[in-house]
Each structure stands twice: as C-alpha cells, then as structure tokens.
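Asker: Can you read through this structure? Questions will come right after.
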Amino acid sequence: MFNVPDHSLYAMALVGLILITATLAYLVISRIQRDTDHQELKLRIQSWWWIIGAFFVVLASNIHFALAFIGFLSFLALKEFLSIVPGRQTDRRAIFWLYLSIPLQYYWVATQWYGMFIIFIPVYIFLFIPIRMVLIGDTKGFIKSAGILNWAVMLCVFSISHLGYLLVLPVKNSEAGAIGLVLYLLFTTQFNDVCQYVWGKLFGKHKIIPKVSPNKTWQGFIGGACTTATLSCFVAPALTPLSTLQGAGAGLLIAVTGFFGDLVISSVKRDLQIKDTGVMIPGHGGILDRMDSLLYTSPLFFHYLYYLHY
C-alpha cells in the first residue's frame, strides 16, 4: 500500500511540480489581467488537481483497487457516450449487457487471462449484442443501433481496459514498477495534447481538417509529435522497459494516435451538434472530452509494448 518505486515517484513529483507552476502562473496572470475573465482556466487547473490527485492515490494503492477505478471510468465513459447518441427505447435491454461486460472485461484483466481479454468484446459481445436486439423484435433502425452500441463498448470499455492491463503485465523495469507504464502513457498522451495546442497557437497556419476541428494545424501536429517523441526518448527508459529508440517510436505512436482520437470524438460532437460530451469535469466538459486521445493511445501503445517486450 503506497509503496511507489523510485522512478514512478519522481514522475509523480514532476507532474506535481508542473501543476504547482500552472497554478502560480494562473495567479500571476489573473492579477495582471484583472479585466479578463480567467474562470475557465481556473476551473481547468482545479479539475487537473482533482484528476491527477485521484489517479496518484489509486495507482499508489493496490492493483485491484486501481483496476476497479479504471473499470469505473469505463462505466462513466460508456454512460456518457450512450447519453449523447440517439437510441431506440427498445435498445435498453441490449444496453444492460454492455454494462455487464465491464466487470467481466476487468475480471479477465485482474486474472491476467490475456486470451479472453483480447477477444471477449471484439468477438463475443460484438456477436451477442445484435442477437439480443433480434430477440427484442424491433427491426426499425436496427443497423444504426447495432453499430452505435458495438462502437460504444469498443471505445469505452475495450480501449480503456488496456490501461488496466498495463498494471498486471510482468514488471520489467523494477525501478518504475507496474504503475510506471500507466504513468508513462497518461503523461505522454496529455503532454502531446498540450504540445500540439501550443505549437498550433504559436505557429499554426495550415489547417488539417477544418470541418472537423478548425484549430488543428499541420504545424501544431508535427511540432507536437516531434516534441513528444523527443521527450519520450528520456521518459520511456525510466518508466518502461523500452529503450531510447523504442521510446521515440512509442512517443511518435502516441502523438499520432492521440491526435486521431481527439478528432474522432470531435467528429462525434459535430455530428450531434454539441460542444462537450458532458459536464462532469468543470472546465473540461465530459469524461470523453478528457479521455478522447486516451481511447486510441491506450490499446495501440499496449500492443506496441506487448509486441516488443512480452
């Protein structure tokens, strides 16, 4: 309980220092620019304190508690996703099985049953949900509903559960421990989001997909990806079993896939004509607004790591 390996502890301290710096910067800016409303920035920083504090406490505790917490995130994400997409009244009986898949999926994780973990949702749930819908007997809108429900469980349960499986992989970097992999993925994913935003603000001129996300530019994307890959060269060997070169590859993978995860959720919001997926996190929106990049980086980083070292 709260026995954090040295490298993971240093990473936590670094993140804490970044948060303290951001808080001090906000206080200075709010005093200098008194006529400007900085309420959103204040809410964002406050939310980051709560988010990071919760994650650190959970990761520093025992693994089963951490898995339960990540499973709860899957539940919140699935609930939020299903609350914003159109659905049929009759789908409720099928949706029950989506929620039931969460404890089962995380049970496979906790027992380290990799074979079942990797096929349970993409195969068994994928095939079972349409069968359950057929037994209900409502064929109007069947194809659309089947697609929505299966995509929802893939994104919100299957993708996020890879974050949990990182915790039960055999430890190959004793100085970082099991939580080092999760800290690396979370830090690198969020760092990439910030870098792409900053590079885009400073140098962004050429938009990538303006109809989906007008603020995304080639300069932001390339600058953020290069910065993330460079940082990963140093962070990956400290927190993961990856070498410097493999760390650069992981950083580049996270930068590219995180970018597309952001765009996918942005496309969902534009299709539904909503600004945020929810209001759960003050200053950020919903849980999917905060985890959009992670929905893509979690499974792809996991399999990159698994292929190289497991």
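Asker: Taking a label point 7 Å from the Cα of residue 90 along the Cα→Cβ vector, which residues of segment 134-150 have an amide N closer than 13 Å to it?
Answerer: 134-146
Asker: GNM, the chain, Cα, under 10 Å: largest mean-square fluctuation among 274, 265, 102?
Answerer: Comparing 274, 265, 102 in the GNM, the peak value goes to 274.
Asker: Going toward the positive end of the dipole of segment 1-150, with +1 on Lys and Arg Cβ and -1 on Asp and Glu Cβ, which of 120, 19, 137 do you reach last?
Answerer: 137
Asker: Also, quick follow-up: For segment 152-223, which whole-number percentage of the solvent-accessible area (1.4 Å probe, protein heavy atoms only) is attributable to carbon and sulfur atoms?
Answerer: 67
Asker: Using the Kirkwood radius over Cα pairs, work out the Stokes-Einstein diffusion coefficient for segment 229-310 at 4 °C and 1.567 mPa s, in µm²/s as a whole number.
Answerer: Estimated diffusion coefficient is 94 µm²/s.
Asker: Let me ask another. Among 284, 254, 165, pick out the residue whose Cα is farthest towards the positive end of the charge dipole of the chain, where Lys and Arg carry +1 and Asp and Glu carry -1 on C-beta, about the Cα centre.
Answerer: The Cα lying farthest towards the positive end belongs to 284.
Asker: Please state the charge dipole magnitude for the chain, taken about the Cα centre, from unit charges on C-beta atoms (+1 on K and R, -1 on D and E), reported in debye and rounded to the nearest 20.
Answerer: Dipole size: approximately 720 debye.
Asker: Would you calculate a helix-derived [θ] at 222 nm for the chain, using -39,500 (n - 2.57) for each DSSP H run of n ≥ 4 and dividing by the full residue count, to the nearest 500?
Answerer: Mean residue ellipticity, 222 nm, calculated: -24500 deg cm²/dmol.
Asker: Mind listing which trypsin sites (Lys or Arg not before Pro) in segment 236-305 are in a DSSP loop and have 15 or fewer other Cβ atoms within 10 Å?
Answerer: For trypsin sites (Lys or Arg not before Pro) across segment 236-305 that sit outside H, G, I, E and B with at most 15 neighbouring Cβ atoms in 10 Å, the list reads 275.
Asker: Okay, next question. Just reorder 80, 175 by solvent-accessible area, largest first, 1.4 Å probe, all chains present.
Answerer: 175, 80
Asker: Moving to a separate point now. Which distance in nm do the two modelled labels at residue 28 and residue 275 give, with both placed 7 Å along the Cα-to-Cβ direction?
Answerer: Once both label points are built, they end up 2.9 nm from each other.
Asker: A further question on this structure: Trypsin sites (Lys or Arg not before Pro) within segment 98-157: which are DSSP loop residues with at most 15 other Cβ atoms inside 10 Å?
Answerer: 140
Asker: Determine how large the accessible area of residue 260 is when every protein chain is in place; take a 1.4 Å probe and give Å² rounded to the nearest 10.
Answerer: Counting only protein heavy atoms, the figure is 100 Å².
Asker: While we're on this one: Binning at 5 Å from 0, report for segment 68-111 what percent of all alpha-carbon pair distances ends up in each bin.
Answerer: Reading the bins upward from 0: 5, 20, 28, 23, 13, 8, 2, 0.
Asker: Sticking with this structure for a sec: With springs only between Cα atoms under 10 Å apart, run a GNM on the chain and tell me which of 64, 206, 162 wobbles the most.
Answerer: Among 64, 206, 162, the largest GNM mean-square fluctuation belongs to 206.
Asker: Can you tell me what percent of all Cα-Cα pairs in segment 155-263 are more than 18 Å apart?
Answerer: 51
Asker: Multiply the residue separation of residue 3 and residue 21 by 0.36 nm, subtract the distance between their alpha-carbon atoms, and state the gained length in nm to one decimal.
Answerer: Between residue 3 and residue 21, full extension yields 3.8 nm more.
Asker: Next up: Assuming a strict under-18 Å limit between Cα atoms, what lysine pair count do you get for the chain once near-sequence pairs (fewer than 8 apart, same chain) are dropped?
Answerer: The number of close lysine pairs in the chain is 10.
Asker: Could you provide, to the nearest whole Å², the per residue accessible area of the chain with probe 1.4 Å?
Answerer: That works out to 51 Å² for each residue.
Asker: Right, next: How large a share of the accessible area of segment 1-89, in percent, is made up of carbon and sulfur atoms when the probe is 1.4 Å and the other protein chains stay in place?
Answerer: Summing carbon and sulfur atoms, their accessible area is 67 percent of the total for segment 1-89.
Asker: Enumerate the calculated ³J(HN,Hα) couplings along segment 293-310 in order (Karplus 6.51 cos²θ - 1.76 cosθ + 1.60, θ = phi - 60°), each rounded to whole Hz, writing x wherever the residue is Gly or Pro.
Answerer: After applying 6.51 cos²θ - 1.76 cosθ + 1.60, I find 5, 5, 4, 9, 5, 4, x, 6, 5, 4, 6, 4, 5, 4, 5, 7, 10, 10 Hz.
Asker: For residue 217, what residues show an amide H to amide H distance below 5 Å, using hydrogens built from the backbone and excluding near sequence neighbours?
Answerer: HN-HN under 5 Å from residue 217: 208.
Asker: What shape does the chain have by the C-alpha gyration tensor, where a ≥ b ≥ c are the square roots of the eigenvalues, rounded means a/c under 1.5, and otherwise prolate means a/b greater than b/c and oblate the rest?
Answerer: It comes out oblate by the Cα gyration axes.
Asker: Can you sort 308, 245 by solvent-accessible area, 1.4 Å probe, largest first?
Answerer: Final ranking, largest accessible area leading: 245, 308.
The values are calculated or read from the model by the stated rules, or taken from the named source; none is laboratory data. Note that the coordinates shown come from a computational prediction; the quantities given were computed from them, not determined experimentally. In this analysis, Cβ positions are derived from the backbone assuming ideal geometry, glycine residues included, and neighbour counts consider all displayed protein chains. These area figures cover heavy atoms from the full protein model, side chains too; ligands, DNA and RNA do not enter into them. Shrake-Rupley method; radii C 1.70, N 1.55, O 1.52, S 1.80 Å.
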